Amino acid sequence: MISVDYIISADYVLPMDEALTVINNGAIAIRGADIIEVGHSDDIFKKYTAGNVIKEGSSVIMPGLINTHTHAAMVYFRGIADDLPLTDWLNNHIWPAENAWLSPEFVSDAIELACLEMLKGGITTYNDMYFYEDAAGRTAKRMGMRAVLGAGILDFPSKSASTADQYFDNAEFFIRDWKGDELITPCIAPHALYTCGPDTLKRAKAIAEKYDIPLHIHISETEWEVRDVLARYKKRPVEYLESLSFLDKNVLAAHCIWVEDNEIELLAKRRVSVSHCMESNLKLASGFAPVATMLAEGVKVTFGTDGAASNNDLNIFSEMSTTAKIHKALSGNPTVLDAKTVLCMATRWGAEALGLGDKTGTLEKDKRADIIMINLNKPHLLPLYDVYSHIVYAAMASDVETVMVNGKLIVNNRTLMTADESEILYKAREWCGRIRGK
């Protein structure tokens, strides 16, 4: 018998490998941070012995979900300004609130709440774009979450920096401090084409190349943005970025709603990945991204929640279900975005888009043990004929019972193991009172 730290078994194991295998009565052997073997439960228990065994009937084990675009600390602005167009929401409410409240303490406390919500909803990795990301990194790592943290870059002052040079100096300090960390991947994140000029975009691209890190940016989120870029540069956003030699496989583009066919071809050619934020796009009435066309052209499309100030939650389960149904209706084709494709978007493709495909996104030998277990013994999950279908169309974030990240048990029986949940919720209420002026 080979000794391992954990054996986890369930009625179903979905490795999310290329073959989209379903292992009935499956199990996973884990030692340290790594998956040692995935297979049939009988075979795993004959071969391995473990100090910790998690064995649940009526459940499914799968990779942790990947949230490829969010502004996690904005969870403290959840509901602060709803039912508004993006430009009004951003210019007249969110940026003033950030200028009033942003600080390392704010970000650290807000990240606790965001990580708590995401972890209990089965998200084990998130890709962020915000400020004071060093504070975010310390907190996310303490919470046990895997994160790609994008140092935000703007062409105008904010609480975190006064000049472009200061934004870039902060970003480089952050990148150098966190490069090579097991859980935290540093990233550079120029906000958008309407907030970053060509020199800023080129400088961000140069830093991404220098350190071989992801490059995270909003592209074509609104019609207004496209009109603005056309007026300034006489090119559509993707065409303009192509003219700057900005686009490559390390770029993660959020939204990409107002992209035309030739732009989609450019995204595919340059291997740019896209984070689709369906619920935020719906709530802000930004439009409908041509996801089916992008997928057909070979663009890797993944799921983001956007920030909780515009969504208003950090829930990939609802993103999966809503996205699949809306794009079927838009295309008039019920076979578009089938359940297996959608689950790939939420797991394997998300990890690959963030440059983490060698570590996470699937349950395979020698990958990190980033695993969730979903309780299927619920009224809304019975009877069960197709496990992929159930996860996408019927499962809820609250059905996630167990979460492991990097081989460490983070959520056990829906209880967070790495921090005091009541303290996190107390701090959130305290911050709400301060922001409201009470």
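The values are calculated or read from the model by the stated rules, or taken from the named source; none is laboratory data. The structure presented is a predicted model; accordingly, all values stated were derived computationally and were not measured. Quick reminder, even Gly has a Cβ in these numbers, built from the backbone with ideal geometry, and neighbours come from all protein chains shown.
Worth pointing out:
- Filtered by the rule that a residue be farther than 19 Å from Ala254 by Cβ and not in a helix (DSSP H, G or I), segment 338-356 gives a lone residue, Asp338.
- Between Lys359, Lys365, the distinction of being more than 16 Å from Arg146 (Cβ to Cβ) and among the charged types (D, E, K, R) belongs to Lys365 only.
- Residue match in segment 397-415 (condition: among the basic types (Lys, Arg), in a strand (DSSP E or B) and at negative phi): yes
- Selection of segment 221-250 for residues being β-branched (Val, Ile, Thr), closer than 28 Å to Tyr126 by Cα and without any contact (Cβ under 8 Å) to a residue 40 or more places away in the chain yields Val226, Val238.
- For the condition among the β-branched types (Val, Ile, Thr) and modelled with pLDDT of 95 or more, Ile66 qualifies.
- Against the list (1) surrounded by fewer than 16 Cβ atoms within 10 Å (Cβ to Cβ); (2) touching a Phe, Trp or Tyr at 6+ places or on another chain (Cβ under 7 Å), the condition Pro85 fails is (2).
- Selection of helices (runs of 4 or more DSSP H) fully inside segment 73-155 by the criterion of at least 3 residues being within 21 Å of the chain's Cα centre (by Cα) returns 104-120, 133-143.
- Residue pairs whose Cβ atoms lie under 7 Å apart, sitting 6 or more positions apart in sequence or on different chains, and linking a residue in segment 317-332 that is under 17 Å from Ala395 (Cα atoms) to a partner that is acidic (Asp, Glu) and buried (at least 17 other Cβ atoms within 10 Å of the Cβ), are Ser318/Glu279; Glu319/Glu279; Thr322/Glu279.
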